[in-house]
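First up is the structure itself, then whatever we jot down about it.
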Amino acid sequence: MMWNDSLKIGVPMIDREHHELCDRIDQLFAACNKGKGRDEIVNTVEFLESYTIKHFGDEERLQHSCGYPKTKQHKAMHEYFKSKISELKKDLTENGASLAAISKTNYFLMDWLLNHIQKVDSELAQYVNQ
């Protein structure tokens, strides 16, 4: 999921954070393509678990500071993402890094990031930048 201009939402701090998230997910995809996904998936999930706390906190502070009317719904989506990452981590801990777990993780991350950034975060940016 290479970073490109279609993922920019126009809020520099959030764009930088999204760029870093995309880079990390690209590392996982590259490892998978080299047959090393099992080695990289745990690192990726642990990174996401800690980094999304910072990133989501930054987004939520931005929403509060500008009076964004959909803050509650946006936060609920963030909580959903964090719960899914916790589930993935638990699955990896209990069952190991199977090909099914790697595929499930890759699909979830790609779907979430594209839909959340291009739809939900873009809507937030439009509100912030008006």
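The values are calculated or read from the model by the stated rules, or taken from the named source; none is laboratory data. Nothing here was measured: the structure is a model prediction, and the numbers come from that model. No Cβ is skipped: glycine too gets one built from the backbone with ideal geometry, and neighbour counts run over all protein chains shown. Just so you know, the surface numbers come from the protein's heavy atoms only, side chains and all, with ligands and any DNA or RNA stripped out. Shrake-Rupley method; radii C 1.70, N 1.55, O 1.52, S 1.80 Å.
Loop-located trypsin sites (Lys or Arg not before Pro) in segment 67-130 (DSSP state not H, G, I, E or B) with no more than 14 neighbouring Cβ atoms inside 10 Å: 70.
With bins 10 Å wide beginning at 0, the percent of Cα pairs of the chain falling in each bin runs 12, 44, 31, 12, 2. What's the angle, to the nearest 10 degrees (0 to 90), between helix 99-115's Cα axis and the longest principal axis of the chain? Rounded to the nearest ten degrees, it is 10.
Cross-link pairs exceeding 23 Å in C-alpha to C-alpha distance, out of 70/104; 8/54; 34/54; 84/119; 8/70, comprise 70/104; 34/54. Heavy atoms of the protein chains alone define the surface here; on that basis the chain has 55 Å² accessible area per residue at 1.4 Å probe size. Calculated on C-alpha atoms, the gyration radius of segment 1-65 divided by its Kirkwood radius gives an Rg/Rh of 1.05. Our summary gives the chain a relative contact order of 35 percent, counting only alpha carbon pairs under 8 angstrom and 6 or more residues apart. The charge dipole of the chain, taken about the Cα centre with unit charges on the Cβ atoms of Lys, Arg (+1) and Asp, Glu (-1), comes to about 200 debye, rounded to the nearest 20.
Roughly how many percent of the accessible protein surface of segment 13-130 is carbon and sulfur, given a 1.4 Å probe and a whole-percent answer?
Summing carbon and sulfur atoms, their accessible area is 53 percent of the total for segment 13-130.
Here is how the number arises for the chain: DSSP H runs of 4 or more residues each give -39500 (n - 2.57), the sum is divided by the residue count, and the result at 222 nm is -27000 deg cm²/dmol.
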